[in-house]
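Only one structure is covered here, and it is reproduced in the block below.
The values are calculated or read from the model by the stated rules, or taken from the named source; none is laboratory data. This is a predicted model, so every value here is computed, not measured. Quick reminder, even Gly has a Cβ in these numbers, built from the backbone with ideal geometry, and neighbours come from all protein chains shown. These accessible areas exclude ligands, DNA and RNA; they are computed on the full protein's heavy atoms, side chains included. Shrake-Rupley method; radii C 1.70, N 1.55, O 1.52, S 1.80 Å.
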Amino acid sequence: MSKYTSIGGQALIEGILMKSPEKTALAVRTPEKTIDITYLEQKSLKDKYKILGLPVIRGVVGFAESMIQGYKAMMLSADKSGFADLEEEGEEKKDNSALLNIVMVIGTVLGVALAVVLFMFLPRLFVGGLEFLFKTEFPKLLRSGIEQALKLSVFVLYVWLVSFMSDIKRVFMYHGAEHKTIFCYEKGLELTTENIKKQSRFHPRCGTSFMILMILVSVILSTIVQIIFPEVYCIYWLWVVIKILLVPLTCGVGYEVLKICGRYDNVITRIISAPGLWLQRITTKEPTEDMIEIAVAALKACEPSIPDVDRSIDSEGNNDDNF
């Protein structure tokens, strides 16, 4: 019988993070070829402040917390796998660790700045250039459509290009192992290599699908803003600011849609999930057996006391994050 589970995960450097409502576990392949299991603190602001657990708001909070936790998990996996050459002892190890943290912070800041340019300013500038070229003003829906199509094209092109990097390809293979293992668990099958290999590596509750959903939701929200306040679109800097301010709402709405798609399997949810599932052909790769072993170890380490429930039951207390 098909089962619903709230377990989600994240592919890391030579490892996988798995998260259930009860535990968050990180499994990493060490240089000695053993599996290191680390449990991460699982506290959410949604548990402390009930208002943050309301629909839409919980998506924003969950996304932010997932980003922070994902960053910490990535650093841990780099350390434990030996990827960052942090196995040296003494001051050299501390210096290398500090340097890596600085590089990661600088990279994050530059990444955010680049994202603002590519996904906020450039699309608006591009549409403005087209309107100037054709000496016309596009309908509001067409404006949003062109902007989001450009965003989607840039995003897909970037993901496709980095997928050729050997290190990123291995992360994508671990991503595939994560999805296959969760699918096997959801089906109530024994978590053996043979059973897991047969599963699909495309999961509707994946963070890749979430990114696509955010772009699609952004089309709708941007169009609504243009209809209500048509003048703001003509002021470049103001439009960019508004788009930035819309990000939390876009994130929250996208999360709710993703949550629904992960819980229900029907024609509508399949259509909504289709673009994200297609993109997972790039962001997930077929894993090796040792990668599947890591995924199983991570899932078993975080498995809740009540493993799963019938898929038809809508359990509001579950956390469906799979970013």
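Of all the numbered requirements in (1) open to solvent by 30 Å² or more (accessible area, probe 1.4 Å); (2) touching a helix residue (DSSP H, G or I) at 6+ places or on another chain (Cβ under 7 Å), Leu157 misses one, and that requirement is (2). Do the conditions hold for Leu52, that is, is it among the aliphatic types (A, V, I, L, M), in a strand (DSSP E or B) and touching a Lys or Arg at 6+ places or on another chain (Cβ under 9 Å)? Against the criterion (among the aliphatic types (A, V, I, L, M), in a strand (DSSP E or B) and touching a Lys or Arg at 6+ places or on another chain (Cβ under 9 Å)), Leu52 does not qualify. For the stretch 259-284, a residue qualifies if it is more than 21 Å from Ser218 (Cβ to Cβ), open to solvent by 50 Å² or more (accessible area, probe 1.4 Å) and not in a loop (DSSP other than H, G, I, E, B), and the qualifying residues are Val267, Arg270, Arg281.
Kindly check whether there is at least one residue in the stretch 204-213 that is open to solvent by 30 Å² or more (accessible area, probe 1.4 Å) and at pLDDT 80 or above.
Of the residues in the stretch 204-213, the ones open to solvent by 30 Å² or more (accessible area, probe 1.4 Å) are 211.
Filter again for at pLDDT 80 or above, leaving none.
Among the residues of the stretch 204-213, not one is open to solvent by 30 Å² or more (accessible area, probe 1.4 Å) and at pLDDT 80 or above, which makes the answer no.
Restricting attention to the stretch 233-258, the residues that are within 12 Å of Ile57 (Cα to Cα) and open to solvent by less than 40 Å² (accessible area, probe 1.4 Å) total 6. Looking only at residues in the stretch 38-68 that are buried (at least 16 other Cβ atoms within 10 Å of the Cβ) and among the β-branched types (Val, Ile, Thr), which one is farthest from Glu14 (Cα to Cα)? Filtering the stretch 38-68 for residues that are buried (at least 16 other Cβ atoms within 10 Å of the Cβ) and among the β-branched types (Val, Ile, Thr), the one farthest from Glu14 (Cα to Cα) comes out as Ile57.
Kindly indicate which of Lys151, Lys140, Lys180 is open to solvent by less than 80 Å² (accessible area, probe 1.4 Å) and touching a Leu at 6+ places or on another chain (Cβ under 9 Å). Don't jump to the end; show me each part of the working.
Details: Lys140 fails: touching a Leu at 6+ places or on another chain (Cβ under 9 Å); Lys180 fails: touching a Leu at 6+ places or on another chain (Cβ under 9 Å).
The conditions single out Lys151.
With the structure loaded, tell me whether Gly188 is surrounded by 18 or more Cβ atoms within 10 Å (Cβ to Cβ) and either touching a residue at least 12 places away in the same chain (Cβ under 8 Å) or more than 20 Å from Phe63 (Cα to Cα) (or both) or whether it fails that test. Spelling it out, it is not the case that Gly188 is surrounded by 18 or more Cβ atoms within 10 Å (Cβ to Cβ) and either touching a residue at least 12 places away in the same chain (Cβ under 8 Å) or more than 20 Å from Phe63 (Cα to Cα) (or both).
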